[in-house]
Structure formats: C-alpha cells, structure tokens
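The values are calculated or read from the model by the stated rules, or taken from the named source; none is laboratory data. On a predicted model such as this, the values are computed, not experimentally measured, just so you know. Cβ: placed from backbone, ideal geometry, glycine included. Neighbour counts: every protein chain shown.
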Amino acid sequence: MKIAVAGTGYVGLVTGVCLAEKGHIVSCVDIDERKVALMSSGISPIYEPGLDELMVKNLNRLNFTTHYREAYKDADVIFIGVGTPEKHDGSANLTYVYEVAEQIAESIEKDCVVVVKSTVPIGTNDKIEDLIKTKLVHNVNVHIASNPEFLAQGTAVRDTLHPARIVIGVEDQDPGKVLKEVYNKFDAPVVLTNRKSAEMIKYASNDFLALKISFINEIANLCEIIGANVEDVALGMGYDSRIGNRFLNSGIGYGGSCFPKDTKALHWLANFHDYELKTIKAAIDVNENQKLKLIKKSRKYFDSLKGLSVAVLGLTFKPGTDDLREAPSLVNIPIMLEDGANVKAWDPVGIENFQRLHPNGVSYCHSIEETLKDTDICFIFTEWDEVKDFDLSKYNELMRNPIILDGRNCYDLLNVRESKIIYDSIGRETVNTLEVSLV
C-alpha cells in the first residue's frame, strides 16, 4: 500500500519506518531539508535504539522529502504524525496538525484515508474532517480516522512493531477496512471504535499511567516518614493481577513528551467543559513537587550548595533517549546554579541537547569518574545502565564528600551498606556507612 507520513519526529518517523518494514511503500514528509538529507542517507535525526538499522534495511521502500504535494497526491493512506506541543495554559497546540490538514486538502488527487496519529484533544478529528472537506481542491472522497500511537521513547521501534493493541477510530466501515489492511501483518488485537473514543483511549491510557507513577511516589514519600520500604511495598502490590507491577517504580517524577503534556491537556479539556478531573490534577501536582525531591533532601546535608562541587549523573528524562522534555535536570540544575554551585554533569547521549539550553555554567564530562572527581554531593536523575552498574566503592574514592542522592533508586541497599558512603534514595531508608555524623 502507498503511504505518506507527515512529520518525522518520534511518532512520524518511527511509524513510517515500521510500516516500511511491514512491506508498505512509505514517503515521509518534513519541512527541514537538512533532516531529509540525513534520513535519505539512512541516519535518524533522533536517538532511538534500532531505528537507524531499520531505516537502512528499508531504504528501498522509504522516501524522505520536503515536497508534500508529491507525497500526498496519490497516497492510499496519509498519516499525520506532527507534534502537538503544550501551550502555556496546558492545552494542546494544534497549529502543525491543521497546517498539514490544509496541505493534504490541496494536494490529494485520489480517494484516500487521512489518519491522525498525533495525540489530539477529543473532537479534533471532526474538526480536521471539516477543514479538509471544506478546502478540497480535487473532487475526491476522503475519510478521516483516528489511530493513536502508544510508543515509548527508548523502546519506540519495538512498541510499534509489536504493539499491545491497535486502536482505530472511524465513523463508517470503509476507512476501518483500509486501516485493517495497513496493519494486516501486525500481530495485535484491534480495537475498532468511533473517533472520539479512540482519541480518549490515548489520553485515558497515558493519564492512568501518570496517575500510577504519582501514586507510588506519594506512597514512597510516606514510606520515608514512617520507616517503610517502598520497593517492598511495590513488590507486594504488583503481585496483585488487578494492579500489576509496571509503573510502580518510585522516583523523582515522570517526564518526556507524553505524560506531562497529556495530563495537562486532558485537565484543560475538562476545565473547558466546566468539569474537574480531580485525580489528574492531583497527579500533575504530585509530579511537579516530586521533581524537587532531591534538592529538598540536599538541605539535610548542606544549608546551601554555594561554592560546592556538585555531580549530576543523567540529564535525559529516562534512559534510552536523548530527549530532555520535562526532565528533572531542567528544573534542578538551574536551582543549583542559582544557589552558587559548581555543577559537573554527565549523560551518555543527552549532553549535546542540554548544552544547547545551558551553554554556560555547567562543566560537561565524558565519564562518571570525571564527573565525580572531588565533588561534595552527587545527584542521580536518570537510571542509565552505566550508573546502575557503577562500582559503589568509587564514590568514596573519587568524591570529597561521598553523599549520593539517588532519584531513581539505582542501587540495592544491601550493596550500598558495604560501601563507605551516605546514600539517600526515594522511599527507602538513608544509609550512612561513613561512621560519622551526617554533614
């Protein structure tokens, strides 16, 4: 089937490449000529494990272009996969989606199905249908379908090729049949529903997971107060099949391109209709406070970070991606700098992106050892394997004051007790094996 994909970010590019992997002929459209040239040579402009290899493998079925008219005019199916960034009020910015819809309307020369892959507020597909049909240049039949994505950065290729479910929202049978053919080679259950329900499935899924994370973080904070261990609590909860063990890892909050944006967007949409989603509002509030958990912990050891050498391990919002969106590092490092700290930071893939935002004031390091050397306190913001596998004894060897504030619970407390460090994590007891009073 001949398919066009608008947008080559995480959603658009991964969707296009994976559809090519399943045998479709795919044209990916982007306005950035530099990105198009890069992708045409088999190089992904985003860091996503396995994506480059899949691009090279399927270059004979992939075309990358800035010429949207050529890509759209005779496509059987056109996916809209552009970004819907958050506005200042928390609502979704649909500017790029509507721009693509207008381009499609003026370009298509045959009957086709336009599929909204981008995460959009409930009712957006109806507006896109009205816009496209109003602005059609040629006498063609066009159907609009909702087909939300459920990929996670770091595992996006796997999530797309082996999805837990495929959600298709349509208002009549014809586009549903077309999309079932598109996904014919995907082994996953298909949920066929109307467009508004499909749009809501996306938001309800992401917001439920965000709520689950905020819940366990609240429990973790209470565990610290009463002396319980949140990992044991989560383990006991997870054995209950009604709850499950996923998204029960406590830490310093969720980040990324989905959970923060989608919780705020659904909260805004409810408020627009004079309804308050109290659970979603609570998840947002808890998450914002949780991001500052380590800074607050640091006050137990130092009244101020002024003049101290501070190590930061991990800049991205999670391992497996170079994405910084809503990462705790973006909130915490400016506070450290304002406090007068000398900040040294390490991340295996996120330094370049972070350096664009903070070109001055931070010393960027090439190894964990270099980062820790002669520092007074260490903040762990991302649970990279390199951090989890790091020899705990080196904290004492390298740091001036081996105080580790771990926002991702990277280390087993039994192993920590064998090292000469102060280790303060989330929802667990603080371990002080230095045989001295806390600083």
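Any residue in region 286-299 that is in contact with an Asp or Glu (Cβ under 7 Å, 6 or more places away or on another chain) and not assigned by TED's automatic domain parsing to the domain that holds Lys212?
Yes, that holds for at least one residue.
Which is over 24 Å from Gly255 (Cα atoms), crowded, with 19+ Cβ neighbours inside 10 Å and among the aromatic types (Phe, Trp, Tyr), of Tyr395, Tyr301?
Residue meeting the stated conditions: Tyr395.
Which of the residues belonging to region 295-352 are of a type in the set (A, V, I, L, M, F, W, C) and assigned to a helix (DSSP H, G or I)?
Ile295, Leu330, Val331, Ile333, Ile335, Met336, Leu337, Ile351
Every residue, every condition in (1) surrounded by 23 or more Cβ atoms within 10 Å (Cβ to Cβ); (2) aromatic (Phe, Trp, Tyr); (3) under 19 Å from the mean Cα position of the chain (by Cα); (4) closer than 21 Å to Lys373 by Cα, yes or no:
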residue	(1), (2), (3), (4)
Asp262	yes, no, yes, no
Asp274	no, no, no, no
Glu326	no, no, yes, no
Pro348	no, no, yes, yes
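Among the residues of region 128-166 satisfying the criterion of being buried (at least 17 other Cβ atoms within 10 Å of the Cβ) and among the hydroxyl-bearing types (Ser, Thr, Tyr), which is nearest to the chain's Cα centre (by Cα)?
Thr160
Restricting region 357-370 to residues that are more than 25 Å from the chain's Cα centre (by Cα) and in a loop (DSSP other than H, G, I, E, B), which is surrounded by the fewest Cβ atoms within 10 Å (Cβ to Cβ)?
Checked region 357-370; the qualifying residue surrounded by the fewest Cβ atoms within 10 Å (Cβ to Cβ) is Asn360.
Testing Tyr254 on (1) under 24 Å from Gln153 (Cα atoms); (2) surrounded by fewer than 16 Cβ atoms within 10 Å (Cβ to Cβ), one condition comes back false. Which one is that?
The number of the failed condition is (2).
Only residues that are out of contact with any Gly (no Cβ under 9 Å at 6 or more places or on another chain) and part of a loop (DSSP other than H, G, I, E, B): list them for region 246-262, please.
Listed by number, the residues that qualify are Phe247, Asn249, Tyr254, Gly255, Gly256, Cys258.
Can you name every residue in region 207-245 that is farther than 22 Å from Thr279 by Cα, assigned to a helix (DSSP H, G or I) and either of a type in the set (Phe, Trp, Tyr) or outside the structural domain of Lys281 (by TED's automatic domain parsing) (or both)?
Selection gives nothing.
Return the residue satisfying two criteria in turn: it lies in region 75-90 and is out of contact with any strand residue (DSSP E or B) (no Cβ under 9 Å at 6 or more places or on another chain) and of a type in the set (D, E, K, R), and of such residues it is surrounded by the fewest Cβ atoms within 10 Å (Cβ to Cβ).
Selected residue: Asp89.
For region 92-127, give me each residue that is surrounded by fewer than 19 Cβ atoms within 10 Å (Cβ to Cβ), in contact with a helix residue (DSSP H, G or I) (Cβ under 9 Å, 6 or more places away or on another chain) and hydroxyl-bearing (Ser, Thr, Tyr).
Tyr98
Does Arg69 satisfy being among the charged types (D, E, K, R), farther than 23 Å from Asp159 by Cα and surrounded by fewer than 19 Cβ atoms within 10 Å (Cβ to Cβ)?
yes
Would you say Cys258 is in contact with a helix residue (DSSP H, G or I) (Cβ under 8 Å, 6 or more places away or on another chain), modelled with pLDDT under 95 and in the same structural domain as Asp285 (by TED's automatic domain parsing)?
yes
Under 8 Å between Cβ atoms, at least 6 apart or on separate chains: pull out the pairs that start in region 278-290 with a residue that is closer than 18 Å to Gly427 by Cα and touching a residue at least 40 places away in the same chain (Cβ under 8 Å) and end on any residue that is surrounded by fewer than 23 Cβ atoms within 10 Å (Cβ to Cβ) and β-branched (Val, Ile, Thr).
These pairs meet every condition: Ala283/Ile213; Asn287/Ile213.
Output the number of residues of region 388-439 satisfying the condition of being touching a residue at least 24 places away in the same chain (Cβ under 8 Å), over 23 Å from Leu315 (Cβ atoms) and acidic (Asp, Glu).
Qualifying residue count for the region: 2.
Are any residues in region 173-223 more than 18 Å from the chain's Cα centre (by Cα), crowded, with 22+ Cβ neighbours inside 10 Å and of a type in the set (Lys, Arg), and if so, which ones?
Arg195
Which numbered condition trips up Cys28, out of (1) of a type in the set (A, V, I, L, M, F, W, C); (2) within 30 Å of His273 (Cβ to Cβ); (3) modelled with pLDDT of 95 or more?
Only one criterion in (1) of a type in the set (A, V, I, L, M, F, W, C); (2) within 30 Å of His273 (Cβ to Cβ); (3) modelled with pLDDT of 95 or more is unmet by Cys28, namely (2).
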